[in-house]
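Visitor: What follows is a structure written as C-alpha cells; I'll ask about it next.
The values are calculated or read from the model by the stated rules, or taken from the named source; none is laboratory data. Just so it is clear, the model here is predicted, and its values are computed rather than measured. All Cβ positions, glycine included, derive from the backbone under ideal geometry; neighbour counts span all protein chains shown. In case anyone asks, the SASA skips ligands and DNA or RNA and just uses the protein heavy atoms, side chains included. Shrake-Rupley method; radii C 1.70, N 1.55, O 1.52, S 1.80 Å.
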Amino acid sequence: MNLAYLIIFLPFLGALIGGFFSMQKPNKLPQVITTIFLLGSAISSYFLFKKVIFDKETFNILIFNFLDIYGLVSNFTIRVDSLSVIMMVLVTTVSFCVHLYSMSYMSDDENINRFFAYLSMFTFFMLVLVASDDFLQLFFGWEGVGLSSYLLISFWYKKNSASAAATKAFIVNRVGDFGLILAIAFCYFIFHSINFTEIAKVFEQYTTKTINICGIDFHAITLIAVLMFVGAMGKSAQFGLHVWLPDAMEGPTPVSALIHAATMVTAGVFLIARTSYFFDASIIAQSLILIISSITMVFAAAVAIFQTDIKKTIAYSTCSQLGYMFVGCAVGRYDAGMFHLVTHGFFKALLFLSAGSIIHATHEQNMNKMPSRLWRTMPVTFILMLIGTFAIVGIPPFAGFYSKDAIIEALFTTESHHTLIDKFAYIASLATVFFTAFYSWKLIFKIFFAKNTHIDNSHAHESNIIITLPMAILSIFAFSSGFLLMKYFGILEESSVFWNKIIDIKPTHYDHHPSMVVEMIPLILSFCGLTASYYIFMYRKNNNQSDSKVYQISSRFYHALENKLYIDEIYQKIWVIPLFYISKVASSFDKNILDRFGPNGMRDLCYSASNHLKNRYHHGILYKYNFWQFCVLAILVVYFVLSIIGGGR
C-alpha cells in the first residue's frame with residue numbers, strides 16, 4: 001500500500017513544487033526535486049511489479065469517496081493488478097528519463113520550472129488513469145492528461161504554430177471524449193454501476209440487452225464498445241482522429257517522448273484492454289477496430305516515408321504502431337497488444353529522445369539539411385538511436401521483434417473464420433513491416449550518413465551525459481524488455497500472469513501453429529525494407545542518381561502521401577470552413593436579432609424612454625415642479641377621501 005501511495009502521489013507533489021517555483025527565475029532545485037520524486041515513483045513501481053507478477057498479490061486501496069449521488073457511487077481508488085502495474089512501470093520509467101533529459105535539454109528556457117510542473121502533473125494524471133477502478137476516475141485521469149498535453153504542446157505559446165497545434169489536439173480529442181462520455185452513461189444506464197469489477201461480475205446477464213434510441217433497438221454491449229473505441233481513437237490517434245498527433249510535434253521534444261510515445265497515446269489501448277469483455281462480446285466492435293486500426297497501420301507508415309521532419313516521421317510511426325496494438329486487441333490477443341504497448345513505449349521514447357539529441361546538437365529538424373557524417377560527430381547518439389531502430393523494425397533479440405511478431409502471428413493463427421477483414425489486416429500488418437523498416441533506416445541513413453558538404457557542421461557536437469544517460473537507460477529496455485517480459489505476458493504460454501484476477505477471459509487459442517516460413521516473413525520483409533532504403537538513400541545518392549524517379553512512379557500518389565492524403569485539407573473544407581461560416585451567421589443572428597430585440601433592445605428602449613422623460617420634464621423650472629407635486633398630492637387626497645367614504649358606506 002505504501003508503494004502504491006508513493007507511485008501515485010510523488011509526481012503530484014512534484015507538480016505542486018514545480019508550480020510553486022513556476023513564476024520564479026530558473027532554479028535547479030525544483031528540477032532536481034521533481035526528478036528525484038519521479039525516480040522514487042519508478043523504483044516503487046518496480047517493487048510493486050514484483051509483488052504482483054511474482055508474488056501474485058492484487059489489491060485495491062480506497063483513498064476517499066469521490067461521488068455518491070442517488071446510487072451513482074465512485075471512489076478514488078488505487079487498483080493494483082497486472083494490467084495497472086505494468087503501465088505504472090512504463091509511465092514512471094519513461095517519465096523519469098524525460099525529467100532527467102529535460103534538465104539539460106530545456107536548461108536555456110526561462111520557463112523551465114513551469115515545464116517540470118507540467119511534466120509531473122501529466123505523469124500524475126496518467127497514473128490516476130491506469131490505477132482507476134471505475135469509469136469516472138478513469139475519465140478524470142483521461143481529461144487530466146488531455147489538459148496536461150494541451151499545456152505541454154503549447155508550452156512555447158508565443159509561437160502561433162504551437163498554440164494552433166495545442167488547440168487542434170484539444171478539439172480533436174474532445175470528439176473522442178464525447179464518445180467515451182456516452183459509453184460511461186450507457187454503462188450506468190445498463191449495469192447501474194460504473195465500477196469495472198462490479199460490471200464484470202454481472203456482465204453475462206446483460207449480453208443480450210438492447211437500448212432503444214429514436215425508435216431503433218441497438219445491442220447495448222455493441223453500442224458501448226463502439227463508443228469506447230471512439231474515445232480510444234481520439235487519444236490513440238487512430239485513422240480519422242489522428243490529425244492532431246503530427247502537429248503536436250510543435251511542443252518540446254521531451255514532450256513528444258513522454259506524451260506521444262509511451263503514455264497518453266497508449267491510454268486508448270489500455271481502455272480497450274481494461275474493458276476487453278465488452279469487445280469480446282461484440283463481433284461488430286471487433287471488426288470495426290480491426291478495419292480502422294489496419295488502415296491506420298498502413299496509412300501512417302506510408303506517410304512517414306515521405307516526411308522530411310525527424311519528429312513528424314517518428315510521430316507517424318507512433319500512429320502506425322498504435323494500429324498494431326489495436327489489431328492485437330481486435331483479434332482477442334490483449335496480451336500481445338499490451339506487450340507491444342510496453343516494448344513500443346521504451347524504444348519509441350528512445351527514438352524521440354535521440355531525435356532531440358540531434359536537434360539539440362545541430363539546431364535542425366529537417367533530415368535533408370543534416371551535417372555530413374554525423375555518426376562520427378555524435379557516435380553515442382548514433383549507437384543509441386540504432387538500438388531503437390533495431391527494436392522498431394523487429395531485429396532479434398530486440399524488443400520489437402517479439403511483441404510485433406506476436407501480433408502478426410496472432411493475425412495468421414487466430415481462431416477466427418479468416419474473413420476478408422482478417423486477411424486484409426494480416427496483409428496490412430506485413431506491408432507495415434516493410435514500410436516501418438524503410439522509413440526507420442531512411443532516418444539513419446539521411447541523418448548520420450548524409451554527405452551535405454555545403455552545410456557547416458562545425459557547431460555539431462555530442463550531447464552531454466544528462467541527455468545521453470536517459471537514452472542509455474531506455475536502450476537497455478528497448479533491447480531486453482521483449483525476451484524478458486514475453487513469458488509473463490503469456491506470449492509463450494496460454495495461461496498468463498497478465499490475465500491473473502483481472503477478467504475471466506483467456507487469450508485466444510490457436511487452431512494451428514504457423515510454419516517456420518510464415519514466422520520468418522516479417523523478418524524477411526524487414527530486411528527487404530532495409531535493402532530498399534539503402535538502395536535509394538545510400539547507393540543512388542552515392543552514384544549521383546536522383547531518387548525523385550523512384551518516388552514519382554506515380555506523381556499523384558507521391559504527392560498525396562507527401563501531403564498526408566490531404567486529410568487535413570478535407571477536414572478544413574468539410575468541417576472547419578462550414579462551421580466557421582455557420583458561427584459567423586449565428587453570431588450575426590445573435591447580435592442583430594436576439595440581442596437587438598432582446599436584452600439590448602429592452603436596455604435601449606428604457607434608456608430612450610428615460611432620456612425622453614428627462615428632457616421633457618427635467619427642465620429646471622421650480623414652479624412647474626411645484627405644480628406637478630400639487631397635482632399628484634391632490635389626486636392622492638381625493639383617492640383617500642373617496643376610499644374612506646366608500647368604506648363608511
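Visitor: Test of understanding: among Ala185, Ala164, which residue is in contact (Cβ under 8 Å) with a residue 60 or more places away in the chain, assigned to a helix (DSSP H, G or I) and surrounded by fewer than 15 Cβ atoms within 10 Å (Cβ to Cβ)?
Guide: Working: Ala185 fails: in contact (Cβ under 8 Å) with a residue 60 or more places away in the chain.
Of the residues listed, the single one that is in contact (Cβ under 8 Å) with a residue 60 or more places away in the chain, assigned to a helix (DSSP H, G or I) and surrounded by fewer than 15 Cβ atoms within 10 Å (Cβ to Cβ) is Ala164.
Visitor: Going through segment 194-233 one residue at a time, which ones are in a helix (DSSP H, G or I), at pLDDT below 90 and open to solvent by less than 30 Å² (accessible area, probe 1.4 Å)?
Guide: Phe203
Visitor: A further question follows. Check Val243, Val269, Val298 and return the single one that is in contact with a Gly (Cβ under 7 Å, 6 or more places away or on another chain), touching a residue at least 40 places away in the same chain (Cβ under 8 Å) and closer than 30 Å to Leu353 by Cα. Write out each step before concluding.
Guide: Values: Val243 fails: in contact with a Gly (Cβ under 7 Å, 6 or more places away or on another chain); Val298 fails: in contact with a Gly (Cβ under 7 Å, 6 or more places away or on another chain).
Testing whether each residue is in contact with a Gly (Cβ under 7 Å, 6 or more places away or on another chain), touching a residue at least 40 places away in the same chain (Cβ under 8 Å) and closer than 30 Å to Leu353 by Cα leaves just Val269.
Visitor: When Gly240 is evaluated against the numbered criteria (1) under 20 Å from Ile181 (Cβ atoms); (2) of a type outside the set (Val, Ile, Thr); (3) buried (at least 22 other Cβ atoms within 10 Å of the Cβ), which criterion, by number, is the only one it fails?
Guide: (3)
Visitor: In segment 1-17, which residue that is under 18 Å from Phe125 (Cβ atoms) and over 23 Å from the mean Cα position of the chain (by Cα) is most open to solvent (accessible area, probe 1.4 Å)?
Guide: Here is the first cut: in segment 1-17, the ones under 18 Å from Phe125 (Cβ atoms) are 4-17.
Subsequent filtering for residues that are over 23 Å from the mean Cα position of the chain (by Cα) retains 4-6, 13, 16-17.
Working: Ala4: 1, Tyr5: 81, Leu6: 76, Leu13: 79, Leu16: 98, Ile17: 43 Å².
Filtering segment 1-17 for residues that are under 18 Å from Phe125 (Cβ atoms) and over 23 Å from the mean Cα position of the chain (by Cα), the one most open to solvent (accessible area, probe 1.4 Å) comes out as Leu16.
Visitor: Which count do you get for residues in segment 598-627 that are modelled with pLDDT under 80 and part of a helix (DSSP H, G or I)?
Guide: 10
Visitor: Let me ask another. Cβ-Cβ below 9 Å, separation at least six or inter-chain, first residue in segment 4-32 and in contact (Cβ under 8 Å) with a residue 40 or more places away in the chain, second among the acidic types (Asp, Glu): which pairs?
Guide: Partner pairs satisfying both residue conditions: Lys25/Glu110; Pro26/Asp108; Pro26/Asp109; Pro26/Glu110.
Visitor: So which residues in segment 458-481 are more than 14 Å from Ala399 (Cβ to Cβ), open to solvent by 60 Å² or more (accessible area, probe 1.4 Å) and either in a helix (DSSP H, G or I) or of a type in the set (Asp, Glu) (or both)?
Guide: Within segment 458-481, Ile465, Ile466, Leu469 qualify.
Visitor: Continuing with this model, one more query. Any residue at all in segment 287-295 that is at pLDDT 90 or above and assigned to a loop (DSSP other than H, G, I, E, B)? Steps first, answer last, please.
Guide: Of the residues in segment 287-295, the ones at pLDDT 90 or above are 287-295.
Retained after the next criterion (residues that are assigned to a loop (DSSP other than H, G, I, E, B)): none.
No; the residues of segment 287-295 include none that is at pLDDT 90 or above and assigned to a loop (DSSP other than H, G, I, E, B).
Visitor: What are the residue pairs meeting all of these: first residue in segment 72-89, first residue closer than 21 Å to Ile259 by Cβ, second residue buried (at least 22 other Cβ atoms within 10 Å of the Cβ) and among the basic types (Lys, Arg), Cβ atoms under 7 Å, and 6 or more apart or on different chains?
Guide: Close Cβ pairs satisfying both conditions: Leu83/Arg274.
Visitor: Counting only residues that are farther than 17 Å from Phe9 by Cα and in a strand (DSSP E or B), how many does segment 69-85 have? First the steps, then the outcome.
Guide: Start the filter on segment 69-85 by keeping residues that are farther than 17 Å from Phe9 by Cα, which leaves 69-74, 81-83.
Remaining after also requiring in a strand (DSSP E or B): 69, 72-74.
Looking only at that region, the number is 4.
Visitor: Sticking with this structure for a sec: Looking at the structure I just gave you, is Gly337 closer than 21 Å to Met264 by Cβ and modelled with pLDDT of 85 or more? Talk me through it step by step, then tell me what you get.
Guide: Details: closer than 21 Å to Met264 by Cβ: yes; modelled with pLDDT of 85 or more: yes.
Here the answer is yes, as Gly337 does meet what is asked.
Visitor: How many residues are among the aliphatic types (A, V, I, L, M), part of a helix (DSSP H, G or I) and open to solvent by 10 Å² or more (accessible area, probe 1.4 Å) when one looks only at segment 371-405? Reasoning before the result, please.
Guide: Initially, segment 371-405 is screened for residues among the aliphatic types (A, V, I, L, M), giving 374, 378, 380, 383-387, 391-393, 395, 399.
The next check asks that each one be part of a helix (DSSP H, G or I); those that pass are 374, 380, 383-387, 391-393, 399.
Next, only the ones that are open to solvent by 10 Å² or more (accessible area, probe 1.4 Å) stay: 380, 383-384, 386-387.
The number of residues fulfilling the criteria is 5.
Visitor: Further, regarding this structure: Could you tell me which residue of segment 534-581 is modelled with the highest pLDDT, considering only residues that are open to solvent by 80 Å² or more (accessible area, probe 1.4 Å) and among the charged types (D, E, K, R)?
Guide: The residue in question is Lys573.
Visitor: Scan segment 1-31 residue by residue and report those that are at pLDDT below 85, under 25 Å from Tyr46 (Cα atoms) and among the aliphatic types (A, V, I, L, M).
Guide: Once the filter is applied, which keeps residues that are at pLDDT below 85, under 25 Å from Tyr46 (Cα atoms) and among the aliphatic types (A, V, I, L, M), segment 1-31 yields only Met1.
Visitor: Among the residues of segment 131-148, write down those that are assigned to a helix (DSSP H, G or I) and open to solvent by 10 Å² or more (accessible area, probe 1.4 Å).
Guide: First pass over segment 131-148, keeping only residues assigned to a helix (DSSP H, G or I): 135-148.
Answer for segment 131-148, where residues must be assigned to a helix (DSSP H, G or I) and open to solvent by 10 Å² or more (accessible area, probe 1.4 Å): Leu136, Phe139, Phe140, Glu143, Leu147.
Visitor: Of all residues in segment 26-57, count the ones that are over 20 Å from Tyr101 (Cα atoms) and open to solvent by 50 Å² or more (accessible area, probe 1.4 Å).
Guide: Matching residues across segment 26-57 total 8.
Visitor: Let me ask you something else. For Phe352, state whether it is out of contact with any Phe, Trp or Tyr (no Cβ under 8 Å at 6 or more places or on another chain), open to solvent by less than 10 Å² (accessible area, probe 1.4 Å) and under 21 Å from Ala428 (Cβ atoms).
Guide: Working: out of contact with any Phe, Trp or Tyr (no Cβ under 8 Å at 6 or more places or on another chain): yes; open to solvent by less than 10 Å² (accessible area, probe 1.4 Å): yes; under 21 Å from Ala428 (Cβ atoms): no.
Against the criterion (out of contact with any Phe, Trp or Tyr (no Cβ under 8 Å at 6 or more places or on another chain), open to solvent by less than 10 Å² (accessible area, probe 1.4 Å) and under 21 Å from Ala428 (Cβ atoms)), Phe352 does not qualify.
Visitor: Tell me whether segment 15-36 contains one or more residues that are in contact with a Leu (Cβ under 8 Å, 6 or more places away or on another chain), over 23 Å from Thr197 (Cα atoms) and of a type in the set (Ser, Thr, Tyr).
Guide: Looking for residues that are in contact with a Leu (Cβ under 8 Å, 6 or more places away or on another chain), over 23 Å from Thr197 (Cα atoms) and of a type in the set (Ser, Thr, Tyr), one finds at least one in segment 15-36, hence yes.
Visitor: Let me ask you something else. Please enumerate the residues belonging to segment 249-272 that are farther than 22 Å from Val342 by Cβ and under 13 Å from the mean Cα position of the chain (by Cα).
Guide: Hit for segment 249-272 is Met249, nothing else.
Visitor: Let me ask you something else. What do you reckon, is Ala410 open to solvent by less than 10 Å² (accessible area, probe 1.4 Å), closer than 15 Å to Val331 by Cβ, under 24 Å from the mean Cα position of the chain (by Cα) and not charged (D, E, K, R)?
Guide: On the way: open to solvent by less than 10 Å² (accessible area, probe 1.4 Å): yes; closer than 15 Å to Val331 by Cβ: yes; under 24 Å from the mean Cα position of the chain (by Cα): no; not charged (D, E, K, R): yes.
So Ala410 fails the test.
Visitor: Got at least one residue in segment 47-68 being among the charged types (D, E, K, R), part of a strand (DSSP E or B) and at pLDDT 90 or above? Can you show your working first?
Guide: From segment 47-68, those among the charged types (D, E, K, R) are 50-51, 55-57, 68; that's our starting set.
Next, only the ones that are part of a strand (DSSP E or B) stay: 68.
Applying the additional criterion that residues be at pLDDT 90 or above yields none.
Taking every residue of segment 47-68 in turn, none turns out to be among the charged types (D, E, K, R), part of a strand (DSSP E or B) and at pLDDT 90 or above.
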